[in-house]
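The values are calculated or read from the model by the stated rules, or taken from the named source; none is laboratory data. Predicted, not measured: the structure shown is a model, and the values here were computed from it. Because the Cβ atoms are built from the backbone with ideal geometry, glycine has one as well, and the counts that use them run over all protein chains shown. These accessible areas exclude ligands, DNA and RNA; they are computed on the full protein's heavy atoms, side chains included. Shrake-Rupley method; radii C 1.70, N 1.55, O 1.52, S 1.80 Å.
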Amino acid sequence: MIMAFSSYNFNPFLSFSFSSTTTTTTLLPRLYSIKLKWKSRTSTPFGSKVVGSSIRSSPTQSIPVESPSPSGGSKTMTSNSSALTIVEVDLGNRSYPVYIGSGLLHHPHFLQKHLVGKKVLVVTNTTIASLYLDKVIDALTRDNPEISVETVILPDGEKYKNMETLMKVFQQAIESRLDRRSTFLALGGGVIGDMCGFAASTFMRGASFIQVPTTVMAQVDSSVGGKTAINHPLGKNLIGSFYQPQCTLIDTDTLTTLSDRELSSGLAEVIKCGLIMDADFFKWQEENINALLAKNPHAIAYAIKRSCEIKAQLVSLDEMECGIRAILNFGHTFGHAIENGVGYGQWLHGEAIAVGMVMAADLSLRLGWIDETLVKRIHTILEHARLPTSPPQCMTFEMFKSIMSVDKKVADGVLRLVLLKGSSL
């Protein structure tokens, strides 16, 4: 896999026509760049090679039995009828576990052993607070009377992921007399995790924090890897930091209260993981999409586990996104432009990323890097997942161009896109 820079005469308004044949495809992500002047096509090498993933699950059965991948950096422990999977994010002395399992909030030691200091600030939102705040407080304090828990309950939604809302977290932290030996705990979806992590990374120049994600989106993506941020009116996640948690605790029982729309949104990131790193996993998704939509606990647990393994491996290789970790941005440049263009919160993140993946796949097809069969498969699985596959009509070419010009992946005036390159088996 070679990262390459190029300019390309690109039009984001895509028309889709697909063949009806099927094939198995091995996918290799490729970083491709577009000069913002959008002129003639040229190509120059980036100058570095990146070794692709060799880890594989065995996801061809209808509903997989929970088990570790051969070299995926996870281990599984079974207690009674439930399985606990631990995925390790290997960052040397800053490594941390991602706990995945049912009913984990009923076992206080998972959270308590990662607390720093005696004060905890739980950051959550108005939707999640009524559902899981009491459980988390109990998990933090049960048989542990020295722990003092404060809470800040924020409004729910992407449109509140801004500096004004972030100041409410700092206000509560200061009023509660938190110090550097305190722990911030994010309880909620990606918005809460991003804001809580950013607050922890900057409060007194850095306090510990823990992720307890409650949406598929947060469980498979934003709670793993240490990206924290808030939005700016000119672009998504432009103000933030890389800051790793002490641990991520994924209690899959929290998904029982997740809306169908939020579930579908999260599945977009699961599908992305298969496309960029594991063709077998993508094939498994195609075969089990109905089970995922029905929240089958075995299917959901496997999808979360495999997605976390993939992300943990990429983060371990490239924490600061200087190279291979960038492939996790497949579909995100187009998707972030849509989120910003229609107004934060109008489209869910996964909905915008789904369209972004279709657009990136179309560009990959035009470059001759994949065939129409794969584009068809991507389009089909996204539709089955109840996700959109075309940009909103209000998004003009000039809007895409303007918003994408300030994307975080722009380097030296060049916009970098992650595209697919595949070969038929």
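Going residue by residue through the range 151-173, is there one that turns out to be small (G, A, S) and within 22 Å of E269 (Cα to Cα)? Lay out the reasoning, then the answer.
Residues of the range 151-173 small (G, A, S): 157, 173.
Keeping just the survivors that are within 22 Å of E269 (Cα to Cα) gives 157.
Checking the range 151-173: at least one residue is small (G, A, S) and within 22 Å of E269 (Cα to Cα).
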Problem - Out of M357, M395, M404, M399, sole residue that is modelled with pLDDT of 90 or more and open to solvent by 10 Å² or more (accessible area, probe 1.4 Å) - result: M399
Problem - Hits in the range 118-145 - residues which are open to solvent by 20 Å² or more (accessible area, probe 1.4 Å), polar (S, T, N, Q) and either part of a helix (DSSP H, G or I) or within 20 Å of G189 (Cβ to Cβ) (or both) - result: T126, T127, S130, T141
Practice task
Read through the list (1) within 25 Å of the chain's Cα centre (by Cα); (2) modelled with pLDDT of 95 or more; (3) among the basic types (K, R), then give the number of the only condition that K119 fails.
Solution key: (1)
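Could you identify the single residue in C308, C322 that is modelled with pLDDT of 95 or more and not basic (K, R)? Steps first, answer last, please.
Values: C322 fails: modelled with pLDDT of 95 or more.
After applying the criteria, what remains is C308.
Here is a yes/no grid of residues against (1) within 30 Å of N296 (Cα to Cα); (2) under 26 Å from the mean Cα position of the chain (by Cα); (3) surrounded by 14 or more Cβ atoms within 10 Å (Cβ to Cβ):
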{"residue": "S148", "(1), (2), (3)": "no, no, yes"}
{"residue": "V152", "(1), (2), (3)": "no, yes, yes"}
{"residue": "D156", "(1), (2), (3)": "yes, yes, yes"}
{"residue": "M163", "(1), (2), (3)": "no, yes, no"}
{"residue": "K168", "(1), (2), (3)": "no, yes, yes"}
{"residue": "I174", "(1), (2), (3)": "no, no, no"}
{"residue": "R181", "(1), (2), (3)": "no, no, no"}
{"residue": "D194", "(1), (2), (3)": "yes, yes, yes"}
{"residue": "F203", "(1), (2), (3)": "no, yes, yes"}
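Return yes or no: is L363 in a helix (DSSP H, G or I) and either among the acidic types (D, E) or buried (at least 19 other Cβ atoms within 10 Å of the Cβ) (or both)?
Values: in a helix (DSSP H, G or I): yes; either among the acidic types (D, E) or buried (at least 19 other Cβ atoms within 10 Å of the Cβ) (or both): yes.
Criteria met by L363.
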Problem - Search result, residues across the range 304-362 that are among the aliphatic types (A, V, I, L, M), over 20 Å from Q244 (Cα atoms) and in contact with a strand residue (DSSP E or B) (Cβ under 7 Å, 6 or more places away or on another chain) - result: I338, A360, A361
Exercise for the section: Mind counting the residues in the range 249-273 that are open to solvent by 20 Å² or more (accessible area, probe 1.4 Å) and assigned to a helix (DSSP H, G or I)? Expected result: 7
Problem - Positions within the range 92-107 being outside any helix (DSSP H, G or I) and open to solvent by 20 Å² or more (accessible area, probe 1.4 Å), in sequence order - result: S95, S102, H107
Problem - Residue in the range 408-425 that is at positive phi, surrounded by fewer than 18 Cβ atoms within 10 Å (Cβ to Cβ) and in contact with a strand residue (DSSP E or B) (Cβ under 9 Å, 6 or more places away or on another chain) present - result: yes
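So that you can scan it fast, the table gives a plain yes or no per residue for (1) among the charged types (D, E, K, R); (2) modelled with pLDDT of 95 or more; (3) in contact with a Ser or Thr (Cβ under 9 Å, 6 or more places away or on another chain):
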position	(1), (2), (3)
D134	yes, yes, no
A139	no, yes, no
I153	no, yes, yes
E158	yes, no, no
F170	no, yes, yes
I174	no, yes, no
L187	no, yes, yes
